[in-house]
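To start, the structure itself, in structure tokens.
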Amino acid sequence: MITKLLLTLGAFLFMELMAWFTHKFVMHGFLWVLHRDHHVKEHVDSVIEKNDSFFLVFAIPAMLLFAASTFGDVWWAFYIALGITFYGMAYFLVHDVFIHQRIKLFRHADGRYFKAIRRAHKMHHKHVTKEHGECFGMLWVPMKYFKEAIK
């Protein structure tokens with residue numbers, strides 16, 4: 001049981017590193033064409049952004065791992081897929097619902113962590129080009145934003 005929990009938790013934590021890497025080097029790199037509309041709002045009335053297609057980058061490996069886990073000795077794949085899926089759920093709730101308010105929930109959350117994560121994301125979005133970005137992660141927030149949150 002502990003192995004399954006550690007695999008799930010480890011995959012979840014690893015996804016924060018993967019999200020940071022993908023955001024910094026892929027979204028703000030060669031696939032900026034898909035991520036740009038998340039920074040530069042040209043179609044304000046649109047609910048869907050090209051940027052939303054990036055969920056596939058993480059969802060497809062999770063689906064493949066879930067499928068692989070149905071074959072004999074690959075039981076561990078299920079728990080890694082579960083960690084990736086939990087991260088995807090956290091990403092949706094934190095980034096799309098809490099920060100960008102695509103669904104109007106959690107509007108009044110004002111704890112220190114919530115203030116810090118909002119501030120870090122705001123600093124990320126102050127850059128409307130793919131260069132000179134900062135704060136590419138989602139759940140891990142640099143300490144300076146926690147310090148700003150208590151002011």
Taking the condition under 18 Å from residue 29 (Cα atoms) and assigned to a helix (DSSP H, G or I), does residue 132 pass?
no
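Of all the residues that make up the stretch 95-113, how many are of a type in the set (Asp, Glu) and exposed (fewer than 13 other Cβ atoms within 10 Å of the Cβ)?
Step one: filter the stretch 95-113 for residues of a type in the set (Asp, Glu), giving 96, 110.
From what is left, the residues that are exposed (fewer than 13 other Cβ atoms within 10 Å of the Cβ) are 110.
The total comes to 1.
Got at least one residue in the stretch 19-34 being in contact with a Phe, Trp or Tyr (Cβ under 6 Å, 6 or more places away or on another chain) and among the charged types (D, E, K, R)? Reasoning before the result, please.
At the first step, the residues of the stretch 19-34 found to be in contact with a Phe, Trp or Tyr (Cβ under 6 Å, 6 or more places away or on another chain) are 20, 23-24.
Within this subset, residues satisfying the condition of being among the charged types (D, E, K, R) are 24.
Scanning the stretch 19-34 turns up at least one residue that is in contact with a Phe, Trp or Tyr (Cβ under 6 Å, 6 or more places away or on another chain) and among the charged types (D, E, K, R).
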Using the structure shown, decide if residue 98 is within 19 Å of residue 47 (Cβ to Cβ) and at pLDDT below 85.
no
Scanning the stretch 43-94 for residues that are out of contact with any helix residue (DSSP H, G or I) (no Cβ under 8 Å at 6 or more places or on another chain), hydrophobic (A, V, I, L, M, F, W, C) and not in a helix (DSSP H, G or I), the one surrounded by the fewest Cβ atoms within 10 Å (Cβ to Cβ) turns out to be 44
Pick from the stretch 101-122, criterion modelled with pLDDT of 85 or more and of a type in the set (A, V, I, L, M), ranking: farthest from residue 49 (Cα to Cα)
116
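The values are calculated or read from the model by the stated rules, or taken from the named source; none is laboratory data. All values reported here derive from a predicted model rather than from experimental measurement. All Cβ positions, even for glycine, are placed from backbone atoms using ideal geometry, and neighbour counts span all protein chains on display.
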